[in-house]
Amino acid sequence: MTKWLWSIAIVGLLATGCGMSKNKPYYDQRSTQNSHVEEQDLTTDSSANNDEIDTETLISPRSMNSPPSAGTPTASVQPKATPTVITSRPSPKPSPKKAAVQPEASKKPSVPVQKNQGQARISLKKLTLSQLVMKYPDTFKLRGSAQEKKVALTFDDGPDTRFTPKVLDALKASQVKATFFVLGVQANAHPDIIRRIVKEGHVIGNHSYSHANLPKLTADKFQSQIISTESVLQGLIGYAPKLIRPPYGAINEEQVRWIADHHYLIVNWNVDSLDWKSLNSDQVLNNIMQQTKPGSIILQHSGGADSQDLSGTVQAIGPLISKLKAAGYTFVTVPELLHVTKSK
């Protein structure tokens, strides 16, 4: 009996000892899992969206091993599964070298742009007077038709009281009509001479107001040179001259276009007497005779600076007309030579 009781007691003790040894390892395993999960939550939950977490996947493995410990809420332990964390990572950024290379593909327009810039530079290139004449043949004239043996005498920079009356006397004596390109300031100062020019059958042209170098002027000042002179002349001669001769023969393309738009006509020359150099009559005569051809527009002066002596011009008029008439030439005004009107 006693032996049987001892056997029961020994079995009970063994059963009790085995239960405690089993519980301690189980508890330690749960604590280790909780510690790992909390650490994982700190590194992933800050960037994760809770709606995307698969709570079933996260909780099930742990619940299969042990129930949650008392005082540890189930909801607080919701780490991302490893697959979820990996798939939510952004794709790696391109290296700086690749980023720098990508814009190169967008530089295709560089060649066309350079080509356009080159074309712009060409279009802005200043044209010479001969190029302007070729580009604007209906607006810019140097001579008349070579098919007709006609010439036109022209006189610039007047009127003045020293030489213009003498030029008029010489032309009257030879019964030749000429064209006078006058300055607005001089016309304003000597209106009686302007009226005489018109009365004797000569034509008046616009030579600017103050003999300015037109290409050096702003658009407003250039236009003022033309319009101011026109205003003075229209009051004296009764019409606005169509013909314009720029001082020094100088003009730019923008000004040519403005003249064309306002229905004027630029008239330069193709025979230069060089009389402005105060040459004697023989020199003036020779210069003209050597260059004159059918359709020529001949440049001389009827006024100028106080230092200029145009006596050679006055003295050469008679002999010049005689020689050219003998050679079969007819003297006409510029509008007659170019077949245009004298007024705008």
Taking the Cβ of residue 301 as the center, what net charge do the other residues with Cβ under 14 Å away carry, scoring Lys and Arg +1 and Asp and Glu -1?
-3
Once you have a ≥ b ≥ c as the square roots of the Cα gyration tensor eigenvalues for the stretch 249-328, tell me rounded if a/c is under 1.5, and otherwise prolate or oblate according to whether a/b is larger than b/c.
oblate
Contour minus end-to-end for residue 239 and residue 330, with contour as 0.36 nm per residue of separation and end-to-end as the Cα-Cα distance?
30.1 nm
Students often check this: by mean Cβ neighbours within 10 Å, which of 205-218, 146-159 ranks highest, and how do the rest follow?
146-159, 205-218
Among rounded, prolate and oblate, which fits the stretch 158-259 when a ≥ b ≥ c are the square roots of the eigenvalues of its C-alpha gyration tensor, a/c under 1.5 means rounded, and a/b larger than b/c means prolate?
prolate
Projecting each Cα onto the charge dipole of the stretch 182-292 (Lys/Arg +1, Asp/Glu -1 at the beta carbon, about the Cα centre), which of 215, 247, 198 comes out farthest on the positive side?
198
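Provide the three semi-axes, in whole Å and in decreasing order, of the ellipsoid equivalent to the stretch 289-336 as defined by the square roots of 5 times the Cα gyration tensor eigenvalues.
Working: eigenvalues 103, 36, 17 Å².
One finds semi-axes of 23, 13, 9 Å for the stretch 289-336.
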Could you tell me how far the Cα centroid of the stretch 248-302 sits from the Cα centroid of the stretch 121-178, in Å?
4 Å
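Express the accessible area of the stretch 251-302 per residue in Å², computed with a 1.4 Å probe while the remaining protein chains stay in the model. Please list the in-between numbers first.
Details: 2190 Å² over 52 residues.
Value for the stretch 251-302: 42 Å² per residue.
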Rounded, prolate or oblate: which fits the stretch 260-301, taking a ≥ b ≥ c as square roots of the Cα gyration tensor eigenvalues, rounded meaning a/c under 1.5, else prolate when a/b beats b/c?
oblate
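Ignoring ligands, DNA and RNA, how do 220, 275, 309, 282 rank by accessible area with a 1.4 Å probe, largest first? Intermediate results must be reported in sequence, preceding the final value.
Numbers: 220 120, 275 0, 309 75, 282 100 Å².
From most accessible down to least: 220, 282, 309, 275.
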Contour minus Cα-Cα span, residue 185 to residue 213, at 0.36 nm per residue, comes to 8.6 nm
Does a label point 7 Å from the Cα of residue 169, set along Cα-to-beta-carbon, have any residues of the stretch 180-222 with amide nitrogen under 19 Å, and which are they?
192-202
Regarding the stretch 204-344, what is the average projected area of its C-alpha convex hull, in nm²?
9.1 nm²
Volume in Å³ per residue [convex hull over Cα atoms, computed for the stretch 165-213]:
70 Å³
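Could you work out how much longer the chain between residue 278 and residue 135 gets when fully extended? Use 0.36 nm per residue separation minus the Cα distance between them, nm to one decimal. Could the numbers behind the result be given before it?
Values: separation 143, 0.36 × 143 = 51.48 nm, distance 3.46 nm.
Length gained, residue 278 through residue 135: 48.0 nm.
The values are calculated or read from the model by the stated rules, or taken from the named source; none is laboratory data. Please read all numbers here as calculations on a predicted model, not as lab measurements. Glycine also receives a Cβ, built like all others from the backbone with ideal geometry; neighbour counts cover every protein chain displayed. Remember, those area values only see protein heavy atoms, side chains included, never the ligands or the DNA or RNA. Shrake-Rupley method; radii C 1.70, N 1.55, O 1.52, S 1.80 Å.
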